[in-house]
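Let me begin by presenting the structure, written as structure tokens, before commenting on it.
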Amino acid sequence: MNILSLQSSISGDKSITRLLSRTYVESQKILHPDATVVEHDLVKEDFPHANSDLVAISLGLAHGPSATA
């Protein structure tokens, strides 16, 4: 089992959603001790935001002025 935990609250340790998420992940680890947990804090990490160019590239679609060249 894989668990992906994404944190995005700017409230840090005061965040209720972070507490709920942490509690849920801990409960799942008890139920599934072999589970792999991947955690990302989108506030602390330099995470690139998706835009139309990034989506087009990831889908292998031509995009922008060079698409007709």
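The values are calculated or read from the model by the stated rules, or taken from the named source; none is laboratory data. All values derive from a computational prediction rather than experimental measurement. Cβ coordinates were reconstructed from backbone atoms using ideal geometry, including for glycine residues, and neighbour counts include every protein chain displayed. Just the protein is used for accessible areas: all its heavy atoms, side chains included, with ligands, DNA and RNA removed. Shrake-Rupley method; radii C 1.70, N 1.55, O 1.52, S 1.80 Å.
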Specify which of the listed residues (38, 43) is within 15 Å of residue 5 (Cβ to Cβ), at pLDDT below 90 and not small (Gly, Ala, Ser).
-> 43
Meets criteria (modelled with pLDDT of 90 or more and open to solvent by 100 Å² or more (accessible area, probe 1.4 Å)) for residue 22 | yes
